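The values are calculated or read from the model by the stated rules, or taken from the named source; none is laboratory data. Every value quoted in this text rests on a predicted model; they were computed, and no experiment measured them. Counting neighbours? That spans all protein chains shown, and the Cβs are built from the backbone with ideal geometry, glycine included. Please note that ligands, DNA and RNA were not included when accessible areas were found on the heavy atoms of the full protein model with its side chains. Shrake-Rupley method; radii C 1.70, N 1.55, O 1.52, S 1.80 Å.
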Amino acid sequence: MKTRASQGTTASVDGTSEMAMDNADRPQSGPPAKGRERGRVDLLNSPFVPSLTKFAIPLTFSFLVNMIYSLIDRWFISSLGTDAIAAIGLGEQLGFLVFTLGSGFCMGTGIIVARRIGENDRDGADRVATQAVIFMFIATVVLTVLLEISLPTILAAFGLSAAVTSYARQYLSAVLLGFVGNLITFQINSIVRSSGNVFYPMIVLLATTLINAMLAPLFIFVLGMGMFGAGLATAVAQTMGMVFNLYLMVSNRTGIKLKLESFRFDWSVIRRIVSLGIPSSAQMMAVSLTRISIFKLVAAFGTSVMAAYTLGISVDFIVFMFVFSLGISVEVATGQNLGARKFDRVLGYHTAGLKLIAMIVAVMGFLAYTFGPHFAALYSTDAVVIDETQKYLHVSVFGYLFFGIGIVSARVISGAGAAYLSLAIVAGSIVLLQLPLVYALSHFTGWNQTGIWIGAATGYALFAAIGMYAVRSKIWMKARV
């Protein structure tokens, strides 16, 4: 590969010259207005580690604030007992599954917007964003109605106790009220981040988190709504976040503007979004279904183990927020640099992401391993729950680095627009390798729930190996967006 990334010139790399010529034919809209530059990170020219860090820090901060509030919310709910802790764990897993039905399309939109930004086609990015937001709004309203109708059947399939099922039903019924707001907010945040702007998504997420934090104790305790109140606070906050986001985009404060004048659906744009969204949604769906399947396996070992697993994965998710933030940053950098035909910078960002992941998980893994029991004691006085949480974390921390390597590698491939290759890597690793391992080690070795923890960590190691091999193959560089 012979390139001069600092000047934006490249040579042919594994068949990418054809893609470069195709991109060169796209309309160029010139440099963005000054008002669009606030909060943007230059991913096309800046050094790898500093620009990646600058992009990821506010994203990580936003995620962590949201996660911290989720833990506080769980602490409120824990006063209702072990059944409530188990129920909110199940509720969040099912909520994530529902979220994946639409979030893949958000990711697909972000990939296209990042490519247009790299090509300096700002008008094209605006058009894609407008089409995507309006289409997502209509589709999500329909999906919400269908999910509300089918919720009792979904919960009944888990065969849980009446108390856990009742709590989960209350929580999810309320959360679904904010499903439209949740996905539209995710859609807009994905679009804005793909333009290189991480400032406004951070502000919106912080605002909705504060709203949620104020409403949750009011609904749960003062108004006596219990689990329904916890879900309702989340739904209200998500809806207000959607309204705030729409205002920012219509007023052209984010770097991407919604163009509503004489709006008509451009089905060629919608088809491109859907073509990337279907494999992205399927990828997240595969991960979510695997998590739920593991949750069901854990439930067979009793409510205390189920509560311990819920607390354990809460710690995992804190670590994973750092991983996801870096993954998203690498994905955006990949899309923009491929659009600008700076192919060598893509692999540079991949390497930088892996270095940062290694440093983060070394620190976070040590903290999780050492202080896991103290964390569990904040939520439960049950000695079995605390002990099982400790056992879980003493195994799961060894999968953190592998999970991070796999995510960063998969994000390079998805950011390039090779969505089906990314789907094959993630779904193949998680569904075809990790899930059978979890089942086999928990049923045929006598390790019981410990076999689940070992199987999950081993599955992440396989995920990392496959992801690294795929990135180095460079097949994904030929994808068109």
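Rundown of residues vs (1) assigned to a helix (DSSP H, G or I); (2) free of Cβ contacts under 8 Å to residues at least 24 places away in the same chain; (3) surrounded by fewer than 23 Cβ atoms within 10 Å (Cβ to Cβ), yes/no style:
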| residue | (1), (2), (3) |
| --- | --- |
| Ala368 | yes, no, yes |
| Val384 | yes, no, yes |
| Val397 | yes, no, yes |
| Ile405 | yes, no, no |
| Tyr420 | yes, no, yes |
| Ala424 | yes, yes, yes |
| Ala427 | yes, no, yes |
| Ala456 | yes, no, no |
| Met468 | yes, no, yes |
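In the stretch 432-448, what residues are among the hydrophobic types (A, V, I, L, M, F, W, C) and without any contact (Cβ under 8 Å) to a residue 60 or more places away in the chain?
First, the residues of the stretch 432-448 that are among the hydrophobic types (A, V, I, L, M, F, W, C): 432-433, 435, 437-438, 440-441, 444, 447.
Those that are among the hydrophobic types (A, V, I, L, M, F, W, C) and without any contact (Cβ under 8 Å) to a residue 60 or more places away in the chain: Leu432, Leu433, Leu437, Ala440, Leu441, Phe444, Trp447.
Kindly indicate whether Phe137 is within 29 Å of Asp42 (Cα to Cα), open to solvent by 30 Å² or more (accessible area, probe 1.4 Å) and either in contact (Cβ under 8 Å) with a residue 40 or more places away in the chain or not in a helix (DSSP H, G or I) (or both).
Values: within 29 Å of Asp42 (Cα to Cα): no; open to solvent by 30 Å² or more (accessible area, probe 1.4 Å): yes; either in contact (Cβ under 8 Å) with a residue 40 or more places away in the chain or not in a helix (DSSP H, G or I) (or both): yes.
Here the answer is no, as Phe137 does not meet what is asked.
Please go through the stretch 146-184 and give me each residue that is outside any helix (DSSP H, G or I) and crowded, with 20+ Cβ neighbours inside 10 Å, ordered by number.
Start the filter on the stretch 146-184 by keeping residues that are outside any helix (DSSP H, G or I), which leaves 157-161.
Listed by number, the list holds a single entry, Leu160.
Can you name the condition, by its number, that Tyr247 falls short on among (1) out of contact with any helix residue (DSSP H, G or I) (no Cβ under 9 Å at 6 or more places or on another chain); (2) open to solvent by less than 20 Å² (accessible area, probe 1.4 Å)?
Tallying (1) out of contact with any helix residue (DSSP H, G or I) (no Cβ under 9 Å at 6 or more places or on another chain); (2) open to solvent by less than 20 Å² (accessible area, probe 1.4 Å), Tyr247 fails exactly one: (2).
Go through the stretch 39-53 and count every residue that is in contact (Cβ under 8 Å) with a residue 24 or more places away in the chain and open to solvent by 20 Å² or more (accessible area, probe 1.4 Å).
Narrowing the stretch 39-53 to residues in contact (Cβ under 8 Å) with a residue 24 or more places away in the chain: 39-45, 48-49, 51-53.
In the following step, the residues that additionally are open to solvent by 20 Å² or more (accessible area, probe 1.4 Å) were identified as 39-40, 42, 44-45, 48-49, 53.
The number of residues fulfilling the criteria is 8.
From the residues in the stretch 296-310 that are crowded, with 21+ Cβ neighbours inside 10 Å and under 14 Å from Ile452 (Cα atoms), which one is nearest to the chain's Cα centre (by Cα)?
Among those that are crowded, with 21+ Cβ neighbours inside 10 Å and under 14 Å from Ile452 (Cα atoms), it is Thr310.
Just to be sure before I move on: is Gly415 modelled with pLDDT under 95, more than 30 Å from Leu80 (Cα to Cα) and open to solvent by 10 Å² or more (accessible area, probe 1.4 Å) in the structure I sent? Lay out the reasoning, then the answer.
Values: modelled with pLDDT under 95: yes; more than 30 Å from Leu80 (Cα to Cα): yes; open to solvent by 10 Å² or more (accessible area, probe 1.4 Å): no.
When the stated conditions are applied, Gly415 does not pass them.
Of all residues being among the small types (Gly, Ala, Ser) and within 11 Å of Leu435 (Cβ to Cβ) in the stretch 264-295, which is least open to solvent (accessible area, probe 1.4 Å)? Just the residue, please.
In this case the residue turns out to be Ala286.
Considering only residues that are farther than 22 Å from Phe402 by Cα and either touching a Pro at 6+ places or on another chain (Cβ under 6 Å) or crowded, with 20+ Cβ neighbours inside 10 Å (or both), which ones fall in the stretch 311-344? Break it down stepwise before answering.
Within the stretch 311-344, the first condition is being farther than 22 Å from Phe402 by Cα, and the residues that meet it are 335-344.
Answer for the stretch 311-344, where residues must be farther than 22 Å from Phe402 by Cα and either touching a Pro at 6+ places or on another chain (Cβ under 6 Å) or crowded, with 20+ Cβ neighbours inside 10 Å (or both): Gly335, Gln336, Asn337, Leu338, Gly339, Ala340, Arg341, Lys342, Phe343.
For the structure I just gave you, tell me whether Arg169 is of a type in the set (Lys, Arg) and closer than 27 Å to Met306 by Cα. Steps first, please.
On the way: of a type in the set (Lys, Arg): yes; closer than 27 Å to Met306 by Cα: yes.
Criteria met by Arg169.
Can you spot a residue in the stretch 158-171 that is closer than 30 Å to Ser329 by Cα, hydrophobic (A, V, I, L, M, F, W, C) and touching a Ser or Thr at 6+ places or on another chain (Cβ under 9 Å)?
No: zero hits.
Within the stretch 222-237, take every residue that is open to solvent by 40 Å² or more (accessible area, probe 1.4 Å), within 20 Å of Gly91 (Cα to Cα) and not in a loop (DSSP other than H, G, I, E, B) and give me the one that is modelled with the lowest pLDDT. Before you say what the answer is, go through the steps one by one.
Kept after step one, since they are open to solvent by 40 Å² or more (accessible area, probe 1.4 Å), are these residues of the stretch 222-237: 222-225, 228, 236.
Filter once more, keeping what is within 20 Å of Gly91 (Cα to Cα): 224-225, 228, 236.
Cutting the leftovers down to not in a loop (DSSP other than H, G, I, E, B) gives us 228, 236.
Details: Phe228: 91, Val236: 95.
Across the stretch 222-237, the extreme among qualifying residues is Phe228.
Go through the residues of the stretch 345-356 one by one and say whether even a single one is within 14 Å of Gly312 (Cβ to Cβ), touching a Phe, Trp or Tyr at 6+ places or on another chain (Cβ under 7 Å) and surrounded by fewer than 19 Cβ atoms within 10 Å (Cβ to Cβ).
Taking the stretch 345-356 as the starting set, the residues that turn out to be within 14 Å of Gly312 (Cβ to Cβ) are none.
Scanning the stretch 345-356 turns up no residue that is within 14 Å of Gly312 (Cβ to Cβ), touching a Phe, Trp or Tyr at 6+ places or on another chain (Cβ under 7 Å) and surrounded by fewer than 19 Cβ atoms within 10 Å (Cβ to Cβ).
Of the residues that make up the stretch 333-341, is at least one farther than 17 Å from Ser314 by Cα, within 21 Å of the chain's Cα centre (by Cα) and not small (Gly, Ala, Ser)?
Going residue by residue through the stretch 333-341, those that are farther than 17 Å from Ser314 by Cα are 333-341.
Still in the running and within 21 Å of the chain's Cα centre (by Cα): 333-336.
Adding the requirement that they be not small (Gly, Ala, Ser) leaves 334, 336.
Yes.
Return yes or no: is Pro217 in contact (Cβ under 8 Å) with a residue 24 or more places away in the chain, of a type outside the set (D, E, K, R) and surrounded by fewer than 18 Cβ atoms within 10 Å (Cβ to Cβ)? Even if it seems obvious, please write down each step before you answer.
Numbers: in contact (Cβ under 8 Å) with a residue 24 or more places away in the chain: yes; of a type outside the set (D, E, K, R): yes; surrounded by fewer than 18 Cβ atoms within 10 Å (Cβ to Cβ): yes.
Considered against the rule, which asks whether it is in contact (Cβ under 8 Å) with a residue 24 or more places away in the chain, of a type outside the set (D, E, K, R) and surrounded by fewer than 18 Cβ atoms within 10 Å (Cβ to Cβ), Pro217 comes out as yes.
From Leu97, Leu101, grab the single residue that is open to solvent by 30 Å² or more (accessible area, probe 1.4 Å), touching a helix residue (DSSP H, G or I) at 6+ places or on another chain (Cβ under 8 Å), under 30 Å from Asn337 (Cα atoms) and modelled with pLDDT under 75. Write out each step before concluding.
Working: Leu97 fails: under 30 Å from Asn337 (Cα atoms).
Matching residue, one of Leu97, Leu101: Leu101.
One residue is enough: does the stretch 67-90 have a residue meeting the conditions more than 28 Å from Ile294 (Cβ to Cβ), part of a helix (DSSP H, G or I), modelled with pLDDT of 75 or more and touching a Lys or Arg at 6+ places or on another chain (Cβ under 9 Å)? Talk me through it step by step, then tell me what you get.
We begin by selecting, within the stretch 67-90, every residue more than 28 Å from Ile294 (Cβ to Cβ); these are none.
Checking the stretch 67-90: not a single residue is more than 28 Å from Ile294 (Cβ to Cβ), part of a helix (DSSP H, G or I), modelled with pLDDT of 75 or more and touching a Lys or Arg at 6+ places or on another chain (Cβ under 9 Å).
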